[in-house]
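Structure record follows, encoded as C-alpha cells.
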Amino acid sequence: MNYRKFGKLDWKPSALGFGAMRMPHHGDDRGDIKEEEAIEMIRYAVDKGVNYIDTAWPYHGGNSEELVGKALKDGYRKKVKIATKLPSWDVEDSDDPDKYLNDQLERLDTDKIDFYLLHALSEKHWNNYNSLDIDIFEWMKEKKKEGKIDPLGFSFHDDLETFKKIVDAYDWDFCQIQYNYLDQAFQAGREGLKYAADKGLGVVIMEPLRGGKLAKEPPRSIKKIWEESEVKREPVEWAFKWLWDQPEVSLVLSGMSELKQVKENVRYASESDVDVLSDRDLEIVDRVADKYRDISPVECTGCNYCVPCPNDVAIPRNFRMYNQAVIYDEYEKYKEIWDEKLKDKSKATNCIKCGQCEELCPQELEIMKLLDDVAEYFES
Ligand SMILES: NC(=O)c1ccc[n+]([C@@H]2O[C@H](COP(=O)([O-])OP(=O)(O)OC[C@H]3O[C@@H](n4cnc5c(N)ncnc54)[C@H](OP(=O)(O)O)[C@@H]3O)[C@@H](O)[C@H]2O)c1
Ligand code: SF4
Ligand code: SF4
C-alpha cells in the first residue's frame, strides 16, 4: 500500500480508504447487508494496508456502523482509523449530538471515533447548526477532551462559496468532498480542494467514480478517446490515477460492493503516486469528461440519500435505467425491464410531487422534473 500526507496531522493515510456505504446486500434491501461477505472485504482491505474506514449514521438503513464494528473485531480495530459522522439534518436540539455520538460508539463497539465529521454540510445544514442553542464547535471540543472523538472535519455538498465559508469558520483538521474528473468544477471542485489543502486540512475524496458511473464499460464514443492514450488503463484505474496524481488529495474513499473490486482497487492504490500522468493523459481525461457530460441525461450518483420515497418511487433505479438506455443506446432492453420487471409503484409515473426527495439530493437535481422525463421516455 502507498501512504500519503493528511494535511497538518502527523499521520499517514493509505491512498485508498474503505467507504462502507455500498456493501453487498440481499435483494433490494440495502439494510440487509451480506455480513460475511462484507466483513471479508473489509478485513482483506485492512490486511493489505488500508487504514481508514468511512461510515455514517444512515448508511445501509442504519446498519453500516454496526457492521464495521463487527468487521473490526479479532484484532482489526487497532490497525485502522474509523471515521463516522453526525447526521446534520437530524440534529434538532441540544441533546441530539450526545445522543447520536453515544449510539455510534455503541454501534461501532469502540471507546473512541478516530475521525468525526459533521455530515453533508450545505448552507441549509450549516444554518441549522448555527440556530441550535448549543455551540457545535464547543460541543466537539468537549467531546475531544473527553476522548470520545479526535480529528474534526465535515463532509460537504453545496457550492464553492459555501465551502470556503465553512472552511474559514473553524480550525478544522479535515474535510470530505465529492471529486472526480467529471466534477472538477462542481461543488467544492478543484478550487475547493486546493483552498482546503492550502489551509492545512486533510482532504478526503468521496464519489471518485461518480457513484460507479465512471467504472462502467464505456460507450464506443468514450472508448475511442481512451484508446488515444499510449498507456492502456481500465476506466476505474484512470479515474483513481487522476485523483492520486494530485498532491492535495489525502486519500480516496471507494464504496466497493464485491471482493473483486476491493482487490483491484487495493492494487491500483499500491501502484499509485503523485504527478505521474502526462499532459497528454490529462488532456484525454478532460475530453472524456466533456463527452460524458454531452451524453448523460441525469447526473445522479446513486447515493440513495433521496430514498425511501414516501410513495415508493425507486428514484435512483429509474435514473440508472434512463441513463443506461440513453448512453448505450439500448432503449429496447430497458423498455422491457420497465414493462416487465419494475414494479408499478417503483416507477417514475408514481411520483406525487411532494418534493421531499429534492431537499435531500446532494446533487441538487430537479428530481420531479427528471422523473417526468423518465416516464415520458419509457411510456411514450
Ligand atoms: N458524506 C457524504 O455526504 C458522502 C456521500 C457519498 C459518499 N460518501 C462516502 O464516500 C465513499 C465513496 O463514495 P462512493 O461509494 O460513491 O464511491 P464511488 O467509487 O464513486 O462509487 C462506488 C461504486 O463504484 C463501483 N466500483 C468501485 N470499485 C470498482 C471496481 N474496481 N470495478 C468496477 N466498479 C467499481 C461500484 O459500483 P457497483 O456497486 O455498481 O458495482 C461501487 O458501488 C462512500 O462509500 C461513503 O463512505 C459520503
Ligand atoms: S417528489 Fe415524487 S419521487 Fe420525490 S419523494 Fe415525493 S413522491 Fe417520491
Ligand atoms: S437523485 Fe440525488 S439523492 Fe437520489 S440517488 Fe440520485 S444523486 Fe442521490
Response to the item:
Excluding residues fewer than 8 positions from residue 341 in its own chain, the lysines with Cα under 19 Å of it are 333
Worksheet item: Using a probe of 1.4 angstrom, how much of the accessible area of the chain is carbon and sulfur, in percent?
Response: 45
Worksheet item: For the residue pair residue 258 and residue 234, what label-to-label distance in nm results when each label sits 7 Å from Cα along the Cα-to-beta-carbon direction?
Response: 1.1
Fill in: Sum of side-chain charges, residue 41 neighbourhood, beta-carbon under 13 Å (Lys, Arg +1; Asp, Glu -1)
0
Discussion item. I'd like the distance between the alpha-carbon centres of segment 206-276 and segment 34-52, rounded to an integer number of Å.
Written reply: 20
Worksheet item: Which percent, nearest 5, of DSSP beta bridges in the chain are antiparallel?
Response: 10
Worksheet entry | Candidates 86, 118, 277, ranked by Gaussian network fluctuation over the chain, Cα under 10 Å, top entry | 277
Fill in: Highest-first arrangement of 174-187, 326-339, where packing means the average Cβ count within 10 Å
174-187, 326-339
Practice prompt. Whenever you get a sec, line up 137, 156 from highest to lowest accessible area (probe 1.4 Å, protein heavy atoms).
Written response: 137, 156
Worksheet item: Say the cut-off is 20 Å between C-alpha atoms; which of 165/241; 112/143; 5/70; 73/112; 81/260 go over it?
Response: 165/241; 5/70; 81/260
Worksheet item: Which of 184, 197, 282 sits closest to the plus end of the dipole of segment 16-294, meaning its Cα is farthest towards the positive end, when Lys and Arg get +1 and Asp and Glu get -1 on the C-beta?
Response: 282
Practice prompt. Scan the chain and note any complete DSSP helix (H) whose C-alpha atoms cover at least 20 Å along its axis and whose Kyte-Doolittle average is 1.6 or more.
Written response: none
Worksheet item: If you take the charge dipole of the chain about its Cα centre, with +1 on Lys and Arg Cβ and -1 on Asp and Glu Cβ, which of 371, 346, 26 is farthest toward its positive end?
Response: 26
Worksheet, complete the sentence: Out of 58, 101, 247 - ranked by how far each Cα lies towards the positive end of the dipole of segment 16-294, with unit charges on the beta-carbon of charged residues - the top one is 247
Worksheet item: Mind checking the dipole of segment 16-294: about its Cα centre, +1 per Lys or Arg Cβ, -1 per Asp or Glu Cβ, Debye to the nearest 20?
Response: 860
Practice prompt. Counting only heavy atoms of the protein chains, get the accessible area per residue of segment 16-294 (1.4 Å probe) and round it to a whole Å² value.
Written response: 41
Discussion item. Highest mean first, how do 251-260, 201-210, 349-358 rank when packing is the count of other Cβ atoms within 10 Å averaged over residues?
Written reply: 201-210, 251-260, 349-358
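The values are calculated or read from the model by the stated rules, or taken from the named source; none is laboratory data. Please read all numbers here as calculations on a predicted model, not as lab measurements. Neighbour counts run over all protein chains shown; Cβ positions are idealised from the backbone, glycine included. Heads up: the accessible areas ignore ligands, DNA and RNA and are worked out on the full protein's heavy atoms, side chains in. Shrake-Rupley method; radii C 1.70, N 1.55, O 1.52, S 1.80 Å.
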